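Single-structure report; data block below.
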């Protein structure tokens with residue numbers, strides 16, 4: 001439905017942006033790498049309190065997201081992957097440490113984050129165009145209509161502007177949800193298992209779509225998933241978290257396959273190697 | 001719609017059967033009503049029942065006509081209708097406002113919830129004498145009475161709807177940095193239009209109960225007054241006529257709300 005080929009060719013024309021995809025951890029503290037850091041987590045820890053106990057959910061997470069990078073976060077279920085996104089978008093305040101966006105405290109940069117949830121959460125009483133513009137309305141952003149409509153047109157939903165969400169298929173609804181997130185022109189996309197509610201067929205297709213959309217709109221994105229193959233098929237780098245309390249176990253660089261589209265990646269010989277690497281890291285409880 | 005395009009004989013037969021069944025049911029509905037009226041009238045005419053005690057359809061009709069002619073029916077029905085509609089609107093508006101307040105402030109909700117539940121359980125008619133003393137014997141007391149009966153249940157059911165708004169959608173509003181007011185206007189209220197409408201439906205009935213109860217206790221006009229007065233002077237014709245008029249008015253008001261519900265469901269659907 002979308003023009004992936006066009007998107008991919010465009011990417012190639014832009015040339016190799018290998019630099020921007022390399023983690024500053026590996027690139028050293030060179031000035032160039034520093035400039036490329038878009039989001040930085042510094043020793044972020046979070047402790048929950050409830051009636052029975054206090055739980056350490058995140059234990060000094062320390063990693064960067066580069067500009068234009070699609071960073072994956074995988075980890076055992078319940079390890080606090082979603083919490084990481086909530087902290088980046090300042091919905092939750094970390095107990096310790098800080099999040100910097102463009103070197104500034106994330107709380108002052110809340111509006112640059114766009115969040116996409118597992119379920120589309122489209123409001124059934126609003127039309128597709130009203131749903132897409134909801135974020136802009138909430139953020140008092142004027143004149144987003146043309147941009148949002150252009151996005152709908154571009155990604156094959158132009159004819160559905162005045163329909164209601166119930167009239168769309170699951171995959172289409174998910175794309176509408178992504179466009180709703182994009183409509184406020186966020187610099188950073190936070191994707192929280194956005195394909196979890198879809199069936200496998202639709203999922204493969206939507207992954208392809210979403211990957212193409214993120215790359216063509218040149219967004220920085222943090223993508224949380226429990227699905228290892230999905231992470232490998234979309235991301236430029238993958239942060240592997242341990243079980244609770246979550247720590248960074250390993251950061252896997254996928255720049256060798258970054259030029260490939262999701263479905264092509266699944267056929268790459270490297271795919272299996274990456275899969276096993278992540279799998280092993282998720283399995284052994286202790287390093 | 002789809003089916004009428006390429007309709008097999010079997011399907012036509014099935015549709016015909018459905019239609020006949022539908023017609024039969026409505027015929028029986030009206031038939032039952034006519035039968036009851038006819039038997040009532042007949043028994044009264046042949047003297048099997050004492051129409052002084054039970055009245056009868058023809059006498060109800062005569063009373064209805066004479067009440068219409070001297071215009072007193074319109075006065076009484078008008079008074080009752082006014083009291084009911086006012087208390088209905090007040091209950092809806094204040095009930096929703098109070099529910100919004102309780103949704104907004106967690107502490108307030110936690111503090112007031114048990115009190116509301118106890119108030120809801122209390123038979124409000126017991127408050128009659130207090131209301132009369134505080135508000136004075138008149139239309140005001142009747143409206144307050146009807147309000148007491150319907151307000152608390154409106155608050156409780158609407159608040160319940162507010163609290164059950166989909167958590168995922170609230171998270172979505174959080175991710176957009178929505179303020180509490182924006183959450184209310186863009187999510188909680190529209191999501192609860194069906195809840196509020198079904199509260200309205202319950203309120204219609206309750207407000208009629210409240211108004212008639214109030215008129216029994218204090219009034220110089222209204223259908224409830226006519227019923228009580230008719231009972232006291234043993235004019236059963238008057239009692240029956242007022243009851244029938246009351247029945248029709250309540251049904252009409254309910255039908256209005258049901259229509260509103262249909263429109264709202266079309267627009268807001270089920271979340």
Practice problem: Determine how many Å³ per residue the convex hull of the Cα atoms of chain A encloses. | Solution: 146
Exercise. Compute the long axis of helix A:170-182 from its Cα atoms, compare it with the longest principal axis of the Cα atoms of chain A, and write down the angle in degrees, 0 to 90, nearest 10.
Key: 80
Quiz item: Roughly what would the spin-label model give for residue B:107 and residue B:43, points 7 Å off Cα along C-beta, in nm?
Solution: 6.4
Quiz item: Shielding of A:115-127 by partners, i.e. mean partner chain Cβ atoms within 10 Å per residue?
Solution: 5
Self-check item: Relative contact order (%) - criterion: Cα under 8 Å, at least six apart; region: chain A
Solution: 24
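Kindly state, to the nearest 0.05, the FRET efficiency for residue A:62 paired with residue A:272, given R0 = 30 Å and r defined as their beta-carbon distance.
0.55
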Practice problem: Specify the angular offset, from 0 to 90 degrees and rounded to the nearest 10, of the alpha carbon long axis of helix A:4-13 from the longest principal axis of the alpha carbons in chain A. | Solution: 60
Exercise. Could I have the simple spin-label model distance between residue A:77 and residue A:98, label points 7 Å from Cα toward Cβ, reported in nm to one decimal?
Key: 3.7
Practice problem: Could you grab the relative contact order for chain B? Cα pairs under 8 Å, six or more apart, rounded to a whole percent. | Solution: 24
Self-check item: Rounded to 10°, Cα long-axis angle of helix A:145-154 versus longest principal axis of chain A
Solution: 90
Quiz prompt | Alpha-carbon centroids, segment A:121-140 and segment A:225-263: separation in whole Å | solution = 31
Quiz item: Mind checking the log10 I(q)/I(0) for segment B:59-268 at q = 0.09 Å⁻¹? Debye, one equal scatterer per Cα, no solvent, two decimals.
Solution: -0.44
Self-check item: Nearest-0.05 FRET efficiency for residue B:135 and residue B:68, computed from C-beta distance (R0 35 Å)
Solution: 0.65
Quiz prompt | Inter-centroid distance (Cα atoms) of segment A:41-116 relative to segment B:11-37, Å | solution = 65
Practice problem: With runs of 4+ DSSP H residues as the only contributors, calculate the mean residue ellipticity of chain B at 222 nm using -39,500 (n - 2.57) per run, divided by the residue total and rounded to the nearest 500. | Solution: -27000 deg cm²/dmol
Practice problem: Mind jotting down a quarter of the surface of the convex hull over the alpha carbons of the protein assembly as shown, in square nanometres, one decimal? | Solution: 38.1
Quiz prompt | Cut-off 12 Å, label 7 Å out along Cα→Cβ of residue B:261, residues of segment B:185-216 by amide N | solution = B:194-205
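Every read-out reported here was derived from the displayed coordinates using simple, explicitly stated rules and does not represent laboratory data. All values reported here derive from a predicted model rather than from experimental measurement. All Cβ positions, glycine included, derive from the backbone under ideal geometry; neighbour counts span all protein chains shown.
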